[in-house]
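Participant: Right, I'll just put the structure down here and ask away after.
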Amino acid sequence: SEQTTTELIMTIEQLTYTGNGCTMVCLVDDEMLDKYRHHEEGITPSHVVDSFDIFKFESGKQGTMSRPSKAELNAMFGTNNKDRAIEFMLEKGQLPVHRNKKGRDTNSDSTNANPRFHVERSGRPL
C-alpha cells in the first residue's frame, strides 16, 4: 500500500505590541493572521500562533527575549491570562515590514523590521 505524507510550510513572523516602555512578541503564521483579522469562519487563535507563548524584549525591539511576568502581562494587556493577552496581540499587534526588490514595503502596518522564520512540518502518513 502506498503511503502519503502531508507537508505544511508556513512563514512565521514576530507579531509585536509595544506599550508601557516594553515590547511583547508572539510568533504567528502571517497568512493565518490575515484570515483571523478578516474574521474568516473557523479561524481561531490556535490556527494563527506557533505556540501560546508571549516573549518580551529586554531592551527595545532587538536583543535578548524572555518571558514576561504575570504582573508585566497585566500592566501591558490588563490581564495576566496569557490566552487573552495573545488574542489582544492578534487584534492589535504589528507585523514587520518587508521590502520587495524595488524597495517598497510589502506590509505597511508596521515600522518594525524583523526577519521571517520558515518552518516546515511533516505530517503523519495518510
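The values are calculated or read from the model by the stated rules, or taken from the named source; none is laboratory data. Only a predicted model underlies this, so the values are computations on that prediction, with no experimental measurement involved. Heads up, the Cβs are rebuilt from the backbone with ideal geometry, glycines too, and the neighbour counts pull from every protein chain shown. Surface areas here come from the heavy atoms of the whole protein model, side chains and all, with no ligands, DNA or RNA. Shrake-Rupley method; radii C 1.70, N 1.55, O 1.52, S 1.80 Å.
Participant: Against the conditions (1) touching a Leu at 6+ places or on another chain (Cβ under 6 Å); (2) at pLDDT 90 or above; (3) farther than 18 Å from Gly19 by Cα, where does Asn80 fall short? Just the number, please.
Facilitator: The single condition Asn80 does not satisfy is (3).
Participant: Restricting to strands (runs of 3 or more DSSP E) lying wholly in segment 16-71: which have 1 or more residues that are open to solvent by 80 Å² or more (accessible area, probe 1.4 Å) and without any contact (Cβ under 8 Å) to a residue 60 or more places away in the chain?
Facilitator: Result: 55-59, 62-66.
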